[in-house]
Amino acid sequence: MAEALKLLSTMTQAEIKLCSLLLQEHFGEIVEKIGVHLIRTGSQPLRGIAHDTRTSLDQVKKALCVLIQHNLVTYQVHKRGTVEYEAQCSRVLRMLRYPRYIYTAKTLYSDTGELIVEELLLNGKMTMSALVKRVADRLTETMEDGKTMDYAEVSSTFVRLADTHFVQRCPLVSPTENSEPGPPQPAPTLVISEKDMYLVPKLSLIGKGKRRRSSEDDATGEPKAKRLKHSTDNKEPIPDDGIYWQANLDRFHQHFRDQAIVSAVANRMDQTSSEIVRTMLRMSEITTPSSAPFTQPLSSNEIFRSLPTGYNISKQVLDQYLTLLADDPLQFVGKSGDSGGGTFGSRCARIFRLVLQKKHLEQKQVEDFAMIPAKEAKDMLYKMLSENFMLLQEIPKTPDHAPSRTFYLYTVNILSAARMLLHRCYKSVANLIERRQFETKENKRLLEKSQRVEAIIASMQATGAEEAQLQEIEEMITAPERQQIETLKRNVNKLDASEIQVDETIFLLESYIESNMKRQ
């Protein structure tokens, strides 16, 4: 019970609500019920979950299988032999970021990389052989008639994703577990060594992607049932059976963080500085853990040799840039051994930045330094104080704490402000999802009608229908209905874009908080 209270104390209602919405949207009501129950209560055994949620054991087992498959729930075997399941709230919240992971894979590794990451996120875990065949089939479907995607090409992109740590192996059942004497464990222990985490098995996957057939018979005229029987009888062993892969979300987060740092350097200094920082991050992206607050130490000679070809700056100029970066107050770059590292309007932002830099300021000092009239400065300070962006520290000159003999200093606790903003972001995303669901539900009948009409038109086009016939079908949706559909699509697209934008802020805030916690 104490563990459950501790778990709830570290989470907010906004986070729980957002988890609930994400689980329901991706997996349905039963999985959502089990997942949210575990989030609220902490770890529980199977029968306890079934009893508390009033759900059948079979349904609970299926829901837990789905959640474990997608790394949203973990389990632990206790000394008495009982197995308890625990939800991973932070991992559930990462589902909000799935579109960004997929888009990043597309940007770095083209359409093939996009579909590899998409399939892993959709299925949770997959073997390389099944993944390569599935992606090759999907790419072949999009190609012109007569063209197919070779398995070798998909395998090559998969190897590149593994080499750069964007995909990783899942832990395996310990080889010593089945050989140990005594009764079998109630749940397997999964282990993996760090050196094997990105080791791609040597497979000779020969073949090309296949298109789905609309006919029940294949090109030879063999019935589908008979074809399935032959495929079952002649089933070959899977070459990488038991070796499963998953998307490495921490590596994606490291990439997002690096991009944000490079962009910040370019905005604050210049393009050359940002290219130097980009080079340093690229050199250490594999050797540095994704959650590390600093990269591995790099010498200026190593950085100079690794600069992009054609980037003509001398070693002396590079050293000058490195010195400038190290001396900058924001400390994007630190010398080895050093410890480097719109809500209220522009005037409030100026005051906030000023107090953050000066650490402690009296109200009069804020007015003078910020060059803002006394009344406006006072109102802005009180507004930020009421919203917990500022703190007021009292320093009495005498033991009686008389106001006339007390200094009142404004200060900023940046970590506390970051946590408060993160909480607001979670609430915002939950509101956006609810609004999108509301918009879709309100127009459900019209959307279903539109989908039926589109399906009829697609079917008629495939059979070579005339333009007049197609026009007649299109007119089943009236002009006002069509306008309503366009408005709905526009609104939903705006809501989707807003979710992604807020999640970018969530990522920056989480990265900052995590980095500060590691330094303490």
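The values are calculated or read from the model by the stated rules, or taken from the named source; none is laboratory data. Quantities reported herein were computed from a predicted structural model and do not represent experimental measurements. A quick note on method: Cβ atoms are made from the backbone with ideal geometry, for glycine too, and the neighbour counts reach across all protein chains shown. Quick note on the areas: whole protein, heavy atoms, side chains included, nothing else; ligands and nucleic acids left out. Shrake-Rupley method; radii C 1.70, N 1.55, O 1.52, S 1.80 Å.
Brief remarks follow.
- Residue match in segment 409-426 (condition: open to solvent by 90 Å² or more (accessible area, probe 1.4 Å) and either in contact with a strand residue (DSSP E or B) (Cβ under 7 Å, 6 or more places away or on another chain) or of a type in the set (Ser, Thr, Tyr) (or both)): no
To keep it simple, each residue is scored yes or no on (1) part of a helix (DSSP H, G or I); (2) touching a His at 6+ places or on another chain (Cβ under 7 Å); (3) at pLDDT below 85.
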{"site": "Asp218", "(1), (2), (3)": "no, no, yes"}
{"site": "Thr232", "(1), (2), (3)": "yes, no, yes"}
{"site": "Lys235", "(1), (2), (3)": "no, no, yes"}
{"site": "Ile238", "(1), (2), (3)": "no, no, yes"}
{"site": "Gly242", "(1), (2), (3)": "no, no, yes"}
{"site": "Gln254", "(1), (2), (3)": "yes, no, no"}
{"site": "Ala260", "(1), (2), (3)": "yes, no, no"}
{"site": "Met280", "(1), (2), (3)": "yes, no, no"}
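- Of all the listed residues (Leu139, Leu161), the sole one being in contact with an Asp or Glu (Cβ under 9 Å, 6 or more places away or on another chain), within 14 Å of Leu115 (Cβ to Cβ) and modelled with pLDDT of 90 or more is Leu139.
- Among the numbered conditions (1) surrounded by 15 or more Cβ atoms within 10 Å (Cβ to Cβ); (2) under 24 Å from the mean Cα position of the chain (by Cα), the only one that Ile485 does not meet is (2).
- Some residue of segment 87-110 being touching a strand residue (DSSP E or B) at 6+ places or on another chain (Cβ under 7 Å), surrounded by 20 or more Cβ atoms within 10 Å (Cβ to Cβ) and farther than 16 Å from Arg251 by Cβ: yes
- Looking across segment 379-400, the residues that are surrounded by 11 or more Cβ atoms within 10 Å (Cβ to Cβ) and part of a loop (DSSP other than H, G, I, E, B) come down to Glu387, Asn388, Phe389, Met390, Lys397.
- Residue check for Thr478: over 30 Å from Ala14 (Cα atoms), open to solvent by 70 Å² or more (accessible area, probe 1.4 Å) and of a type in the set (Ser, Thr, Tyr): no
- Residues being surrounded by fewer than 15 Cβ atoms within 10 Å (Cβ to Cβ) and within 28 Å of Met420 (Cα to Cα) - total across segment 361-370: 2
- First in segment 140-163 and open to solvent by less than 70 Å² (accessible area, probe 1.4 Å), second anywhere and of a type in the set (A, V, I, L, M) and outside any helix (DSSP H, G or I), Cβ under 6 Å, 6 or more apart: Thr140/Met149; Tyr151/Leu205; Ser155/Leu205; Val159/Val200; Leu161/Val167; Ala162/Val200
- Filter pass, Glu376 being in a helix (DSSP H, G or I) and more than 40 Å from the chain's Cα centre (by Cα): yes
- Screening Ser274 with (1) open to solvent by less than 50 Å² (accessible area, probe 1.4 Å); (2) more than 30 Å from Gln320 (Cβ to Cβ) gives one miss only, at (2).
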